[in-house]
Amino acid sequence: MLLLPALISSFAPAEAAGFEVKTMRAPLSASEVERSLIIGRGWLEFGLGADVKFANGYWDQNGKAQDFEGARWLYTTERIGIRYGITRRSEFYWQVPFHYVQLTNEKLGTNTSDFGLGDMHFGYRFEWFRKDAPLTSVVTELEMKVPSGSEAPASYIGGPNTVESIVLSTGQPDLYIGLKAKQQLGPVAISGGATYIHRFSAVTQFTVEVEEYQFAGRFRPGDEVRVNLEPMVQLGPVAISAEGVFGYRLNAAMGTTSKGIIPDANLDPILGTNGWYLDVNPGIVAHITRGFDVDLGASIPIRGEDLAFWPLEEISPTRGITGSATLELRY
């Protein structure tokens, strides 16, 4: 008779624990300045966002701002993002973009638009060092861009008037290697880092190799070094930040595919396609609940490069302010 109550009491805690919600999750601060650069073990985040740019200008070869002559370029990105905390020190992330673009020119009667899938990104972050109260976080990240968007401007047969599609992809993969750090100082946090972007070459449908009389040439955008610094201040449930981004791009290259293991031996650099840029990105994060944030921001170009590869905004951006909004849902 004494054995039965003992067995019931021993099984009760295990049975109750089975109904607890995600007990393996790492703690997540309600304050942005106290959050690590990784999301934390067991957390799953869905991000739904959009970026909109109305561009009416460009940068010339000397980096000076110039206006379009009657043209207007609308470039939007609709984003679906996922982050998942795999372990206590690592996370996986993935982003799928879509683009709606429109080119208009009242003087020429131009009104061309297109919509399609962009280039997907996925990556892995590992936190090498972390200290709480105040927070210190140091991570490395490895990211890959997969050419999943449209790289075909339609057929060249019949002349340029048959080109109706707008290229939405560079047509080649990129590898991102970065180091980032964040340090909290009371209600203030400073984040920054450096990223090296290696761009592989690929045969792309928008590249025409005229010297060798090939319809499709091999194209490689220039590698890029990117440095950013972002101060942030927490004001109750709202965090305000202002990020500065400096980048330098090397010359792109184009040519035919070479024999052997390395296919880039025949590529010739396109002189004048290198250069540097500077952007300022103010932002605000509103914490609705611990699992629901609203992120609003903008990207303001201070200095840029000429449009050597327009309309490929990723490597040849037009001049215009980009507004952004993202809903972050966590479980």
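Here, each number is a calculation from the coordinates, and none is a lab measurement. Bear in mind the structure is a predicted one, so any value in this text is a computation, not a measurement. Ideal geometry is used to build each Cβ from the backbone, glycine not excepted, and the neighbour counts take in all protein chains shown.
In this simple spin-label model, placing a label point 7 Å from the Cα along the Cα-to-Cβ direction at both Lys131 and Val280 gives a separation of 3.3 nm. Here the relative contact order of the chain, from alpha carbon pairs under 8 Å that lie six or more residues apart, stands at 16 percent. Separation of the alpha carbons by more than 31 angstrom is noted, of Lys145/Lys182; Lys53/Lys145; Lys64/Lys107; Lys53/Lys182; Lys180/Lys259; Lys53/Lys131, for Lys180/Lys259; Lys53/Lys131.
Between the labelled values [x] 22.2, 77; [y] 24.1, 95; [z] 28.3, 104, the entry that holds Rg and Dmax of the Cα atoms in Å as derived from this structure is [y]. What the Cβ-Cβ distance of Asn111 and Phe200 gives, at R0 = 30 Å and to the nearest 0.05, is a FRET efficiency of 0.25. Residues whose amide H lies under 5 Å from that of Thr207, counting only those 5 or more places away or on a different chain, are Gly217; hydrogens are built 1.01 Å from N in the peptide plane.
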